[in-house]
Amino acid sequence: MRTVVLSPGKVGSLVSYFNYFFLRFPGELGPEESLSLECLDTYDQRWARVGQVWIRSTKGLARVAPPALFPLSSDPTEFGLQAPVSLGKALVSLRTVLWELPGHLPVEGQIVKASRRSWLALRSDDVERLEVLESTLLAEGMESVPSQSATWVVSKRAPFPAPCEWPVLESPHDASQTLVDRILDSFQLARHYEPGVLQDIDTECLHQYRVHLRRARSWCSLGQPWEGLPEWTRLKTVLRRLQQETNDLRDLDVLELDLPTLCSALPWDEGVHLEGWRKSVAASRRAERLKVQRWLESADYGHLCSEVEPLCQALLKLAQPVSMGQVTETAFGKAARRLRKDLKALGDNPPDEALHELRIVSKRLRYVLDGLGDLIPHARMLTEALKGAQQALGQFQDRSVLLDRLKEQLSTVRGSKSPVDALSFGLLLGTLLAEHGVLKKRAAKAASRLGSKAFLQGLEYRHAT
């Protein structure tokens with residue numbers, strides 16, 4: 001279904017204009033309806049960056065592309081995992097327009113008025129008829145509205161930058177400038193999530209903060225032009241410290257999000273007796289969040305952040321002349337050799353530690369592929385294979401971490417003043433241990449697939465000099 005949006009231009013009042021327009025194109029104009037709409041988006045304005053927004057009214061929730069109010073979706077699950085953040089309210093008046101002719105698909109229209117402006121939105125599956133209407137309206141003085149250029153949603157929030165669209169890498173590119181640009185872009189994007197972490201808007205804010213710091217660290221680790229320089233060592237230390245301070249909060253976020261599923265998995269409705277544990281986890285999470293808040297507001301944190309850009313600029317001046325092709329060969333070769341070694345050592349019944357280590361090594365190779373894939377011949381095939389393996393290895397790792405955390409809590413559970421019901425806690429442990437065994441078999445099987453001939457051949461790469 002095609003949609004077009006027009007502004008009145010020289011036409012003036014759209015309602016008056018349609019009085020004679022309908023003589024040539026018979027249509028119906030509906031009554032005026034006033035709407036008070038709350039406009040919603042994610043914290044990082046995911047929808048606004050593609051010219052869309054979610055609106056909430058008495059009729060429910062819908063995703064639209066302003067100024068048109070045609071619902072693109074009314075399924076709230078499509079919003080995503082982030083909590084909705086209000087952009088503000090919009091007062092809008094709406095009149096429907098409908099063109100119907102026997103033997104033709106209908107053309108729907110909306111006259112939308114907001115902020116002293118008005119627009120006409122049209123849509124239809126009958127593209128030919130829609131184009132006739134559009135060309136006639138344009139010929140008579142209406143103006144086409146370019147995609148994403150008109151909106152009645154005026155947000156007081158600062159625009160949230162999208163990740164930079166970097167140019168395709170080429171082998172001769174100067175490595176130092178390319179790496180510094182990507183380190184700084186990832187670091188600055190991470191910092192845009194700080195207010196969301198401080199205000200505890202959504203757990204996704206902390207997750208994205210850490211994701212972009214991890215990317216900055218990944219680009220930094222490719223620093224072949226700066227090998228051995230104290231500035232490089234310091235930059236890696238700063239970025240690692242910034243991420244490490246939020247490790248515990250992220251673990252508690254994941255545990256709190258998993259709790260409903262964990263409790264529902266227990267037999268005989270025993271999950272309801274773990275309410276004391278849920279409250280205990282929530283209290284721990286609140287305490288850890290305050291700790292992270294103090295850290296983000298501290299002078300120490302501010303000083304570390306202020307070091308990143310000067311260190312990057314210093315590295316630009318000190319860098320050895322190295323091309324991206326050479327960096328790619330070194331980074332990819334190192335990660336590929338380590339992965340081959342770990343795959344060879346797995347055996348038929350690998351210990352937990354071997355699978356955990358394989359997950360880390362395969363993740364390192366993924367970081368190389370994500371950043372340097374333009375220069376690696378079989379990057380897509382390798383990435384797809386690693387994604388499948390990492391999913392199974394990650395699920396196994398998550399259960400292992402959870403079991404370790406529960407093991408630490410056993411002494412508390414046995415105490416007379418424990419907030420956790422001992423029987424329900426024992427049932428939970430039993431359920432998780434059984435699931436852990438299943439996940440281990442699945443992880444080992446997924447890891448063995450990385451030993452295929454095609455995957456191992458894809459790990460062979462030499463930079464053409």
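Here, each number is a calculation from the coordinates, and none is a lab measurement. What you see is a predicted model, and the numbers here were worked out from it, not measured in a lab. Positions of Cβ are generated from backbone atoms using ideal geometry, with glycine treated the same way; all protein chains shown enter the neighbour counts.
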Centroid-to-centroid separation of segment 115-139 and segment 191-244 [C-alpha atoms, Å]
48 Å
Inter-label distance for Leu81 and Tyr20, nm, one decimal - labels placed 7 Å from Cα along Cα-to-Cβ:
5.9 nm
Read phi for every residue in segment 336-348 and hand back ³J(HN,Hα) as whole Hz from Karplus 6.51 cos²θ - 1.76 cosθ + 1.60, θ = phi - 60°, with x for Gly and Pro.
5, 4, 5, 5, 4, 4, 5, 5, 5, 8, 4, x, 6
Using modelled backbone amide H atoms (1.01 Å from N, in-plane), which distant-in-sequence or interchain residues come within less than 5 Å of Leu35's amide H?
Val92, Ser93, Leu94
In whole angstrom, note down how far apart the Cα centers of segment 284-322 and segment 31-86 are.
35 Å
What's the ranking of 184-196, 253-265 by average number of surrounding C-beta atoms within 10 Å, highest first?
184-196, 253-265
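Would you mind calculating the gained length between Gln457 and Glu28 on full extension (0.36 nm times residue separation, minus the Cα-Cα distance), in nm to one decimal?
Values: separation 429, 0.36 × 429 = 154.44 nm, distance 6.56 nm.
147.9 nm is the gain from fully extending Gln457 to Glu28.
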Hey, what do the phi angles of segment 94-110 turn into as Karplus ³J(HN,Hα) couplings, whole Hz, using 6.51/-1.76/1.60 and θ = phi - 60°, x for Gly and Pro?
9, 10, 7, 10, 9, 10, 10, 9, x, x, 10, 6, x, 10, 9, x, 9
Okay, which of segment 263-278 sit inside 19 Å, backbone N to the point 7 Å along the Cα-Cβ direction of Leu403?
263, 265-267
May I ask you to order 59-67, 98-106 by the average number of other C-beta atoms within 10 Å around their residues, highest value first?
59-67, 98-106
Distance in nm between Ser306 and Arg380 label points, each 7 Å along Cα→Cβ, equals 4.8 nm
Quick one: if the Förster radius is 51 Å, what FRET efficiency do Lys279 and Ser171 give, using the C-beta to C-beta distance and rounding to 0.05?
0.35
Considering amide H positions built from the backbone, and no H for Pro or chain starts, which residues 5 or more places from Leu87, or on another chain, come under 5 Å of its amide H?
Cys39, Leu40, Asp41
Rounded to whole Hz, the Karplus (6.51, -1.76, 1.60) HN-Hα couplings of segment 113-128, x for glycine and proline:
10, 6, 6, 6, 10, 9, 9, 10, 10, 10, 8, 5, 7, 8, 4, 4
Give me the distance in nm between label points sitting 7 Å out from Cα along the Cα-to-Cβ direction at Ala345 and Asp125, one decimal.
6.0 nm
For the chain, what relative contact order do you get, as a whole percent, if you take Cα pairs closer than 8 Å and at least 6 residues apart?
14 percent
Which label marks the calculated value of Rg and Dmax of the Cα atoms in Å, given the options (i) 28.3, 85; (ii) 21.7, 64; (iii) 21.6, 70?
(i)
